[in-house]
Amino acid sequence: MSIMKQSVTINDIKKAQKNIAGIVKTTDLIYDYSTSHEFKANVYLKLENTQVVKSFKIRGALNAIKNLSPQQAKAGVIAASAGNHAQGVAYSATKLGIKSVIVMPNSAPLAKVKATLDFGGEVVFGPTPLFDDANKLSNELAQKEGFTLIPPYNHPDVIAGQGTIGLEILKQNPHIDTVIVQIGGGGLISGIATAIKAIKPSCQIIGVQTENFPDARDLFKGNKLKTNQRYQLSIADGIHVKTPSPLAIQIIKQYVKDIVTVTNSEIEKAILWLAEKAKIVAEGAGAVGLAAILAKKIPVEGKNVALIISGGNIDIDRFLNACINSLKDEQRQITFKYWYTHSTFKILLAGLSSISGRIYCAGWTEPLSAKNQLAKGWNELILFAPSAKKTKKYFENLTKNKVKFKMLLKEN
C-alpha cells in the first residue's frame, strides 16, 4: 500500500508545521563564531541534531503518518532507512499507537539500529550496505504484508515536513541570504527550498553531496548518470543514496542555485571542526555543508549563511576515527619515537609550553609531565598540537637541541 501525491506547496508546508507541533521541537539557529570569523561571513547552525531522534527526519515522518487514513494506520507502516528516517518513523508511529517495520542497510550504524529498536520499531536488514537495496525490500514487504510505505524522501508529505525547517530559519533570522543543505534522496533540500523561495525568493539554496554518491548533482547539471558506477561508502552514511527522488529533483532544478560535492576527508575535518570549535557532535551527513565551506567549495564571504546540522547519530568509534584522521591530516597529531635521557627529557617537555601542546605516552590517559617516568631507550609518544605550524616548530626545536627521535609513518 502506498501514499503518493504529486506536488509540494508552501501551504502544504504550513499545514505540516501545524501537524507536527507539540511533538517536533523548533530547533535553535545559533551563530557560529569560529566559522564566521574564519570566512568573514555570518554563519548560523540549524541544530536538527537536537531533535528527540537526533535528526530532522522526524518532521517528514510524523507529517506523513499523521496524514494516514484510519485503515492505513491500522495496517501499520514500513520504511527503508540508513537510520535517521528509521528513528523518525519508529518514534512517530509509536507515539501515535501504530506498528512500524524498518528495513535498514546491513551496514547501518549500531547507534541508529539500537535507537530504532528503542523507539519501538521492528528492524529488518537489507541484503547489502546500500540504501537502494533496503528500499527495494521495503517495497516488496509493503506489497506482501499490506503495510503503508513511508518513503524517506520521495513523497510530498515527507518533503513538506522537512520544509518546516525553512519556515523556522527565516522566522528566526530574516536576514539569511544563503542556505546550504545536504542531499541524499533530496527530500530535505526540496522541502527547505520550497519554503524559503516562497517567502524570500532572493535567498540562495546550495546543495552538498558526497563525491561518492553524486547522482543528484549530476541530474541537476544535466550530466549522464554512470550506470556502472561503483559507489564507495563514506562516513556520511545518511546520504548514501544512488537514486534521488524524482519529485525532489524537479524542485531542486527549479529552486537550487548549485550542488557541490565533498570528499570523505573533508567531511571528517568538518566533524572535528564542529566538535572542537562549536562543541557540537554531528554525524557525517550533518557536517557536509560545513565541509563544503571549509574546503572553499562554496564562497560565503559577506553572506548570512544557514547550515543544516541535519543529525547527530554517529557511532562513537566512527566519531573518534573521524577526529583522529583529521588531526593526522592537519599534522596536529603526530606519533613518534623518542630515545629517553634525563637531559633531553627536560627539552622534550620545555618545548610543549611554547606551542601549547601535549604529549602522551602510547596507552596513557594523562599527558606527559616531569612527574612521569619513561623507560630507558625508545618510547612511543603522541604529540597533539594546535596547528601544523606549531608541530613543525616543536620538532625543529628537538632537532636543534640534538634530541634523539624518529617519526613514525602515518597509519593508513
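Remark: the GLN172-LYS14 segment gains 55.3 nm on full extension, using 0.36 nm per residue and subtracting the alpha carbon distance.
Applying 1/(1 + (r/R0)^6) with R0 = 51 Å to the Cβ-Cβ distance of LYS25 and PHE336 gives a FRET efficiency near 0.60. Close amide H pairs (under 5 Å, H built 1.01 Å from N) link PHE125 with MET104, residues at least 5 positions away or on another chain. Net charge dipole, the chain: roughly 940 debye, given to the nearest 20, about the Cα centre with Cβ charges of +1 for Lys and Arg and -1 for Asp and Glu.
Have a look at VAL288, TYR44, SER34 and report the one farthest towards the positive end of the charge dipole of the chain, computed about the Cα centre with Cβ charges (Lys/Arg +1, Asp/Glu -1). Farthest towards the positive pole: SER34. Students often get this wrong, so check it: of LYS40/LYS269; LYS18/LYS303; LYS269/LYS389, which have C-alpha atoms separated by over 29 Å? Over 29 Å apart, Cα to Cα: LYS18/LYS303. Taking the helices alone, the chain has a mean residue ellipticity at 222 nm of -13000 deg cm²/dmol, built from -39,500 (n - 2.57) per DSSP H run of at least 4 residues and averaged over all its residues.
Shape of region 200-291 from its Cα gyration tensor (a ≥ b ≥ c, root eigenvalues): rounded if a/c is under 1.5, otherwise prolate when a/b > b/c, or oblate? Oblate shape, in that a/c is at least 1.5 and b/c is the bigger or equal ratio. Distance between the 7 Å Cα→Cβ label points at SER265 and TRP364: 3.0 nm.
If one puts a single equal scatterer on every Cα of region 21-161 and applies the Debye formula without solvent, what log₁₀ I(q)/I(0) results at q = 0.11, 0.16, 0.19 Å⁻¹? Taken in order of the listed q values, log10 I(q)/I(0) reads -0.42, -0.78, -1.02. So what is Rg over Rh here for the chain, counting just Cα atoms and using Kirkwood for Rh? Across the chain, the Cα-based Rg/Rh ratio is 1.06.
Computed from the C-beta positions of ASP118 and SER36, the FRET efficiency with R₀ = 22 Å rounds to 0.05. Here is the result for region 55-143: no trypsin sites (Lys or Arg not before Pro) lie in DSSP coil with at most 13 other C-beta atoms within 10 angstrom of their C-beta. For THR26, the shell of other residues with beta-carbons less than 10 Å away shows a net charge of 0, using +1 for Lys and Arg and -1 for Asp and Glu. Among the trypsin sites (Lys or Arg not before Pro) in region 330-385, those located in a DSSP loop and surrounded by at most 10 other Cβ atoms within 10 Å of their own Cβ are LYS371, LYS376.
Among ILE252, ILE169, ILE30, the largest mean-square fluctuation in a Gaussian network model of the chain (Cα springs under 10 Å) belongs to ILE30. Where does the charge balance sit around TYR44 when Lys and Arg score +1, Asp and Glu -1, over other residues with C-beta under 14 Å from its C-beta? Local net charge: -2. For LYS257 and LYS74, the difference between the fully extended length at 0.36 nm per residue and the C-alpha to C-alpha distance is 61.7 nm. Karplus-based coupling profile of region 280-288, in residue order and whole Hz: 10, 9, 10, 6, x, 4, x, 9, 5, with θ = phi - 60° in 6.51 cos²θ - 1.76 cosθ + 1.60 and x standing for Gly or Pro.
Seen from CYS323, the other residues with C-beta closer than 9 Å to its C-beta sum to a net charge of -2, counting Lys and Arg as +1 and Asp and Glu as -1. Taking each of LYS224/LYS257; LYS25/LYS46; LYS14/LYS66; LYS171/LYS297 in turn, the alpha-carbon distance tops 22 angstrom for LYS171/LYS297. Only protein atoms count toward the accessible area here, which uses a 1.4 Å probe; on the chain, the carbon and sulfur part of that area reaches 52 percent.
Database remark: amide H of TYR44 closer than 5 angstrom to the amide H of ASP32, VAL305, ALA306, LEU307 (H placed geometrically; neighbours at sequence offset of 5 or more, or on other chains; Pro and chain starts carry no H). Springs join every pair of Cα atoms under 10 Å in this Gaussian network model of the chain, and among THR26, THR94, THR261 the largest mean-square fluctuation is at THR94.
The values are calculated or read from the model by the stated rules, or taken from the named source; none is laboratory data. A quick note: this is a predicted structure, and the numbers were derived from the prediction, not measured. We place every Cβ from the backbone using ideal geometry, glycine too, and count neighbours over all the protein chains shown. Heads up: the accessible areas ignore ligands, DNA and RNA and are worked out on the full protein's heavy atoms, side chains in. Shrake-Rupley method; radii C 1.70, N 1.55, O 1.52, S 1.80 Å.
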